[in-house]
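The values are calculated or read from the model by the stated rules, or taken from the named source; none is laboratory data. Keep in mind the model is a prediction, meaning the values are calculated, not measured. Please note: Cβ atoms are built from the backbone with ideal geometry, for glycine as well, and neighbour counts cover all protein chains shown. Areas reflect the complete protein model, heavy atoms only, side chains present, ligands, DNA and RNA absent. Shrake-Rupley method; radii C 1.70, N 1.55, O 1.52, S 1.80 Å.
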Amino acid sequence: MAPLNEEQLHQIRDERRDQIIGAAIKVFARRGIIGTKMSMIAAEAGISHGLLYHYFTSKEELFTMLVEDAMVGAEEAMSSIYDLPGSPIEKIRTLTLEMLDESGTPYFMLIHHARTSDGVPEKVKELMDRNNMEAFIERLLPLFRDGQQAGEIVDGNPEELISSYLSVLSGLMVVNAQGIGGYRLPGVDMLLRLIARP
(Lines give C-alpha, C1' and ligand atoms only; values in the text may rest on other atoms or scores of the structure.)
Protein backbone atom coordinates (compact mmCIF):
# COMPACT_ATOMS: atom_id res chain seq x y z
CA MET A 1 0.00 0.00 0.00
CA ALA A 2 1.36 3.42 -0.98
CA PRO A 3 2.13 5.92 1.80
CA LEU A 4 -0.35 8.77 2.27
CA ASN A 5 0.47 11.99 0.49
CA GLU A 6 0.35 15.44 2.15
CA GLU A 7 -3.18 16.18 0.93
CA GLN A 8 -4.52 12.87 2.30
CA LEU A 9 -2.80 13.49 5.66
CA HIS A 10 -4.30 16.99 5.79
CA GLN A 11 -7.76 15.58 5.05
CA ILE A 12 -7.38 12.99 7.82
CA ARG A 13 -6.31 15.72 10.29
CA ASP A 14 -9.31 17.88 9.31
CA GLU A 15 -11.72 14.95 9.71
CA ARG A 16 -10.22 14.05 13.11
CA ARG A 17 -10.49 17.69 14.23
CA ASP A 18 -14.17 17.83 13.16
CA GLN A 19 -14.76 14.55 15.02
CA ILE A 20 -13.24 16.05 18.21
CA ILE A 21 -15.26 19.27 17.86
CA GLY A 22 -18.51 17.33 17.42
CA ALA A 23 -17.75 15.23 20.50
CA ALA A 24 -16.71 18.25 22.56
CA ILE A 25 -19.95 20.13 21.80
CA LYS A 26 -21.98 17.14 23.04
CA VAL A 27 -19.96 16.73 26.24
CA PHE A 28 -19.79 20.44 27.10
CA ALA A 29 -23.52 20.83 26.37
CA ARG A 30 -24.33 18.03 28.84
CA ARG A 31 -21.77 18.73 31.54
CA GLY A 32 -20.55 22.33 31.23
CA ILE A 33 -16.88 23.25 31.46
CA ILE A 34 -16.32 22.24 35.10
CA GLY A 35 -17.95 18.83 34.69
CA THR A 36 -16.00 18.03 31.52
CA LYS A 37 -12.63 16.28 31.35
CA MET A 38 -10.50 15.92 28.24
CA SER A 39 -10.72 12.14 28.67
CA MET A 40 -14.53 12.37 28.33
CA ILE A 41 -14.19 14.26 25.05
CA ALA A 42 -11.65 11.70 23.79
CA ALA A 43 -14.01 8.84 24.73
CA GLU A 44 -16.97 10.54 23.01
CA ALA A 45 -14.81 11.08 19.89
CA GLY A 46 -13.56 7.48 20.00
CA ILE A 47 -9.91 8.50 20.09
CA SER A 48 -7.08 8.17 22.59
CA HIS A 49 -6.62 10.78 25.31
CA GLY A 50 -3.10 11.50 24.03
CA LEU A 51 -4.24 12.07 20.45
CA LEU A 52 -6.70 14.72 21.64
CA TYR A 53 -3.77 16.82 22.93
CA HIS A 54 -2.26 16.87 19.42
CA TYR A 55 -5.25 19.00 18.42
CA PHE A 56 -6.11 21.00 21.56
CA THR A 57 -3.88 21.81 24.53
CA SER A 58 -6.70 22.11 27.09
CA LYS A 59 -10.45 21.91 27.59
CA GLU A 60 -10.43 25.69 28.12
CA GLU A 61 -8.94 26.25 24.65
CA LEU A 62 -11.51 23.91 23.11
CA PHE A 63 -14.43 25.43 25.05
CA THR A 64 -13.38 28.97 24.07
CA MET A 65 -13.08 28.07 20.38
CA LEU A 66 -16.51 26.38 20.41
CA VAL A 67 -18.20 29.33 22.14
CA GLU A 68 -16.59 31.77 19.67
CA ASP A 69 -17.91 29.68 16.75
CA ALA A 70 -21.38 29.41 18.33
CA MET A 71 -21.56 33.17 18.89
CA VAL A 72 -20.54 33.87 15.30
CA GLY A 73 -23.34 31.54 14.17
CA ALA A 74 -25.87 33.25 16.46
CA GLU A 75 -24.83 36.70 15.20
CA GLU A 76 -25.11 35.57 11.57
CA ALA A 77 -28.58 34.13 12.21
CA MET A 78 -29.72 37.38 13.85
CA SER A 79 -28.29 39.52 11.04
CA SER A 80 -29.56 37.34 8.20
CA ILE A 81 -33.15 37.63 9.43
CA TYR A 82 -33.35 40.96 7.60
CA ASP A 83 -32.51 39.24 4.30
CA LEU A 84 -35.38 36.76 4.62
CA PRO A 85 -38.50 37.19 2.48
CA GLY A 86 -41.83 38.06 4.03
CA SER A 87 -43.33 40.45 6.54
CA PRO A 88 -41.76 41.18 9.95
CA ILE A 89 -43.86 38.54 11.75
CA GLU A 90 -42.99 35.95 9.08
CA LYS A 91 -39.28 36.73 9.59
CA ILE A 92 -39.68 36.37 13.36
CA ARG A 93 -41.50 33.07 12.79
CA THR A 94 -38.56 31.79 10.69
CA LEU A 95 -36.03 32.91 13.32
CA THR A 96 -38.09 31.20 16.06
CA LEU A 97 -38.23 27.94 14.09
CA GLU A 98 -34.45 28.11 13.63
CA MET A 99 -33.85 28.80 17.33
CA LEU A 100 -36.05 25.89 18.43
CA ASP A 101 -34.59 23.42 15.91
CA GLU A 102 -33.36 20.38 17.86
CA SER A 103 -30.07 20.29 15.93
CA GLY A 104 -29.09 23.59 17.56
CA THR A 105 -29.71 22.43 21.14
CA PRO A 106 -26.07 21.49 21.91
CA TYR A 107 -24.90 24.90 20.67
CA PHE A 108 -27.55 26.68 22.70
CA MET A 109 -26.57 24.71 25.83
CA LEU A 110 -22.91 25.51 25.17
CA ILE A 111 -23.73 29.24 25.19
CA HIS A 112 -25.99 28.76 28.22
CA HIS A 113 -23.09 27.14 30.14
CA ALA A 114 -20.76 29.91 28.95
CA ARG A 115 -23.16 32.50 30.44
CA THR A 116 -24.01 30.73 33.70
CA SER A 117 -21.19 28.38 34.73
CA ASP A 118 -18.28 28.91 37.07
CA GLY A 119 -14.79 28.25 35.76
CA VAL A 120 -15.38 29.86 32.36
CA PRO A 121 -12.20 31.25 30.73
CA GLU A 122 -11.80 35.05 30.83
CA LYS A 123 -11.98 35.31 27.03
CA VAL A 124 -15.40 33.59 27.10
CA LYS A 125 -16.66 35.95 29.84
CA GLU A 126 -15.65 38.91 27.67
CA LEU A 127 -17.42 37.37 24.69
CA MET A 128 -20.59 36.88 26.74
CA ASP A 129 -20.43 40.48 27.99
CA ARG A 130 -20.25 41.74 24.40
CA ASN A 131 -23.09 39.46 23.28
CA ASN A 132 -25.54 40.01 26.11
CA MET A 133 -29.34 40.33 25.98
CA GLU A 134 -29.06 44.05 25.13
CA ALA A 135 -26.97 43.23 22.04
CA PHE A 136 -29.62 40.79 20.76
CA ILE A 137 -32.43 43.27 21.54
CA GLU A 138 -30.53 45.94 19.59
CA ARG A 139 -30.24 43.64 16.56
CA LEU A 140 -33.95 42.77 16.57
CA LEU A 141 -35.31 46.23 17.41
CA PRO A 142 -35.79 47.48 13.81
CA LEU A 143 -37.69 44.29 12.92
CA PHE A 144 -40.03 44.54 15.90
CA ARG A 145 -40.63 48.25 15.26
CA ASP A 146 -41.45 47.48 11.61
CA GLY A 147 -43.84 44.77 12.82
CA GLN A 148 -45.58 47.21 15.14
CA GLN A 149 -45.89 49.80 12.37
CA ALA A 150 -47.32 47.13 10.04
CA GLY A 151 -49.87 46.19 12.72
CA GLU A 152 -48.50 42.62 13.04
CA ILE A 153 -46.93 42.94 16.50
CA VAL A 154 -48.71 44.08 19.64
CA ASP A 155 -48.23 47.62 20.92
CA GLY A 156 -45.90 48.26 23.81
CA ASN A 157 -42.23 48.87 24.49
CA PRO A 158 -40.44 46.90 21.72
CA GLU A 159 -37.34 46.32 23.90
CA GLU A 160 -39.51 44.70 26.58
CA LEU A 161 -41.33 42.60 23.98
CA ILE A 162 -38.04 41.32 22.53
CA SER A 163 -36.56 40.67 25.98
CA SER A 164 -39.65 38.74 27.11
CA TYR A 165 -39.81 36.76 23.89
CA LEU A 166 -36.12 35.78 23.96
CA SER A 167 -36.35 34.92 27.68
CA VAL A 168 -39.30 32.58 27.04
CA LEU A 169 -37.46 30.92 24.13
CA SER A 170 -34.30 30.50 26.22
CA GLY A 171 -36.23 28.99 29.11
CA LEU A 172 -38.01 26.57 26.80
CA MET A 173 -34.73 25.46 25.22
CA VAL A 174 -33.08 24.85 28.61
CA VAL A 175 -36.03 22.76 29.83
CA ASN A 176 -36.18 20.88 26.53
CA ALA A 177 -32.45 20.13 26.66
CA GLN A 178 -32.87 18.58 30.11
CA GLY A 179 -34.93 15.80 28.51
CA ILE A 180 -37.68 15.95 31.15
CA GLY A 181 -40.24 13.21 30.48
CA GLY A 182 -43.64 14.33 29.20
CA TYR A 183 -42.39 17.80 28.36
CA ARG A 184 -42.53 19.04 24.79
CA LEU A 185 -41.86 22.34 23.11
CA PRO A 186 -44.93 24.38 22.19
CA GLY A 187 -45.49 25.07 18.51
CA VAL A 188 -44.15 28.24 16.94
CA ASP A 189 -47.63 29.64 16.33
CA MET A 190 -48.41 29.25 20.04
CA LEU A 191 -45.22 31.14 20.92
CA LEU A 192 -45.93 33.89 18.42
CA ARG A 193 -49.16 34.68 20.33
CA LEU A 194 -46.90 36.35 22.90
CA ILE A 195 -46.04 39.10 20.44
CA ALA A 196 -48.38 38.87 17.45
CA ARG A 197 -51.45 41.05 17.16
CA PRO A 198 -54.53 38.77 16.98
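Numbers below:
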{"read-out": "For segment 67-121, alpha-carbon Rg relative to the globular expectation (2.2 N^0.38 Å, N residues)", "value": "1.30"}
{"read-out": "Stokes-Einstein diffusion coefficient of the chain, Kirkwood radius over Cα pairs, 37 °C, 0.692 mPa s, in µm²/s", "value": "175"}
{"read-out": "Net length gained if the chain between Met65 and Tyr82 were fully extended (0.36 nm per residue, minus Cα distance)", "value": "3.4 nm"}
{"read-out": "Net charge dipole size for segment 110-198 [Lys, Arg +1 and Asp, Glu -1 on Cβ; Debye, nearest 20]", "value": "280"}
{"read-out": "Cα convex hull of segment 115-198 - mean projected area over all directions, nm²", "value": "7.0"}
{"read-out": "Helical segments meeting 20 Å axial Cα length and Kyte-Doolittle 0.5 threshold in the chain (DSSP H)", "value": "158-177"}
{"read-out": "Share of carbon and sulfur in the accessible heavy-atom surface of segment 1-64 [1.4 Å probe, %]", "value": "54"}
{"read-out": "Cα lying deepest toward the dipole's positive end in the chain, options Met133, Phe56, Leu95, charges on Cβ", "value": "Phe56"}
{"read-out": "Linear extension gain, Leu194 paired with Asp14, 0.36 nm per residue minus alpha-carbon span", "value": "60.4 nm"}
{"read-out": "Fraction of accessible area attributable to carbon and sulfur, segment 158-198 (%, probe 1.4 Å)", "value": "55"}
{"read-out": "Probe 1.4 Å - accessible area at His10, Å² to nearest ten", "value": "100"}
{"read-out": "The chain - mean residue ellipticity at 222 nm from DSSP helices (-39,500 (n - 2.57) per run, n ≥ 4, rounded to 500)", "value": "-22500 deg cm²/dmol"}
{"read-out": "Residue-span extension gain [Val72 to Leu141] - 0.36 nm each, minus C-alpha spacing", "value": "22.9 nm"}
{"read-out": "Cα gyration tensor of segment 125-166 - equivalent ellipsoid semi-axes, whole Å, descending", "value": "24, 9, 6"}
{"read-out": "Euclidean distance between Cα centres, segment 115-186 to segment 10-67, Å", "value": "28"}
{"read-out": "Net dipole in debye of the chain [+1 Lys, Arg Cβ; -1 Asp, Glu Cβ; about Cα centre; nearest 20]", "value": "700"}
{"read-out": "Rounded accessible area per residue of segment 122-193, 1.4 Å, Å²", "value": "57"}
{"read-out": "Using a Förster distance of 41 Å, the FRET efficiency for Asp118-Asp155 (Cβ separation, nearest 0.05)", "value": "0.50"}
{"read-out": "Computed E for Tyr55/Ser167 - FRET, C-beta separation, R0 35 angstrom, nearest 0.05", "value": "0.45"}
{"read-out": "Calculated P(r) of segment 1-113 - Cα pairs past 22 Å, %", "value": "46"}
{"read-out": "Dimensionless Rg over Rh [segment 1-48; C-alpha; Kirkwood]", "value": "1.16"}
